[in-house]
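Structure, as structure tokens:
The values are calculated or read from the model by the stated rules, or taken from the named source; none is laboratory data. In this text, all values refer to a predicted model and were calculated from it rather than measured experimentally. Ideal geometry is used to build each Cβ from the backbone, glycine not excepted, and the neighbour counts take in all protein chains shown. The protein model used for the area step is the full one, side chains on, heavy atoms only, and it has no ligands, DNA or RNA in it. Shrake-Rupley method; radii C 1.70, N 1.55, O 1.52, S 1.80 Å.
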Amino acid sequence: MLMGMTTMHTRTLGTTGPQVSALALGCMGMSPKLYGDADRAESIATIHAALEAGVTLLDTGDFYTMGHNEMLIGEALRTAPAARREQAQVSVKFGALRDADGGWNGMDGRPEAVKNFAAYSLQRLGVDHIDVYRIARLDPAVPIEETVGAIAELVGQGYVRHIGLSEVGAETIRRAAATASIADVQFEYALISRDIEREVLPTTRELGIAITAYGVLSRGLISGHFTAGRQLAPNDWRAMTPRFQGDNLQHNLNLVDALRKIAEQKGVTVAQIAIAWVLSRGTDIVPLIGARTRVQLAESLGALEVTLDAADLAAIEEAVPADAAAGDRYPASQMAHLEA
């Protein structure tokens, strides 16, 4: 198992975006009420370890436990060594409306709301600019040109460096790119979540836009560590996700078992080969690893040392074909917000 020191490579977010580490750290799971309880001290230590390992891009959303995640990252940056703090780049999603009970109340992409959300994020993060700023889901009531135009104004004012998108279709990507330079589009992309290969990925490649891929381990489902008998905590939202329920779960874990055989033949872990597969899809794709602990981080970073040749890729494809997963990746209420 590859768990030692790794060499961090870099990739560029599109033709106009920044250079970032080949693996980014998705910080959502470090906040409570998402994947169950979270350990604040371990979360901060994991961010510090990621920065020390050369990870530069930290991904968050202002609605992750209503600002908790941004404040956590802010504390981690304040307490990191100066050199590591200066290398950090933060990507923020905005727009989701929440209530005090954690409920969802739609999206707000109005220009005045964009600027309001950004002001609060800058304060919570304790930074003078956000490196990549994106609406989390399309607001159907607001043309994407208006939302992106508002972010472009923030770029002009120095509060944002680059513009991103998230979970939108090919036509929306084209309209946004005609309005302002788009660095990347964020999508769930994993061995069992490959919808973007049909229309989105060809479009982003045509336009010179990168993909930041979240859910590369499908929220732990294809990490090799999730078992059929595992009881999820009441505050772990995966319990409501179709892929983790009933017969769907067992079907999906059977896919993991097939992948495990290939990983064992290469002397790596299931998580490492799953992340390495996403890395192999192109240098325009940056996986977001959702490590919550330093142990998970070390395992994920080992994927950088995994080389997949044509035979490996063919074996993986046979073990986990496209569209092989059972169940949607979100509950129906959230699937309705995914334009793509």
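Things to note:
- Close amide H pairs (under 5 Å, H built 1.01 Å from N) link residue 188 with 214, residues at least 5 positions away or on another chain.
- Summarising the label geometry, the points placed 7 Å from Cα in the beta-carbon direction at residue 265 and residue 105 lie 5.4 nm from one another.
- Subtracting the Cα-Cα distance of residue 153 and residue 206 from their residue separation scaled by 0.36 nm leaves 16.5 nm.
- Alpha-carbon radius of gyration plus Dmax, which is the widest Cα pair, for the chain in Å: 18.8, 54
- Whole-Hz Karplus values for the stretch 303-313 come out as 4, 5, 9, 8, 9, 10, 8, 4, 5, 4, 5 Hz, taken residue by residue from phi with 6.51 cos²θ - 1.76 cosθ + 1.60 and θ = phi - 60°; glycine and proline positions read x.
- A 1.4 Å probe run over the protein chains yields, for the stretch 247-338, 43 Å² of accessible area per residue, whole-number rounding.
- Against the main long axis of the alpha-carbon atoms of the chain, helix 170-179 sits at an angle near 40°.
- For the chain, the 222 nm mean residue ellipticity estimated from helices alone, with every DSSP H stretch of n ≥ 4 adding -39500 (n - 2.57) and the total spread over all residues, rounds to -12000 deg cm²/dmol.
- Angle in degrees between helix 270-280 and the longest Cα principal axis of the chain, rounded to the nearest 10: 60
- Loop-resident sites, the stretch 185-283, for trypsin sites (Lys or Arg not before Pro), counting at most 13 other Cβ within 10 Å (DSSP): 198, 230
- Prolate/oblate/rounded label for the stretch 83-221 (Cα gyration tensor, a/c 1.5): rounded
- Length added when fully stretched, residue 78-residue 314, from 0.36 nm per residue minus Cα-Cα: 80.4 nm
- Residues whose amide H falls under 5 Å from that of residue 61, counting only those 5 or more places apart or on a different chain, are 93, with hydrogens built in the peptide plane.
- Amide N of the stretch 202-216 lying under 16 Å from the label point, which is placed 7 angstrom from the Cα of residue 324 along Cα→Cβ: none
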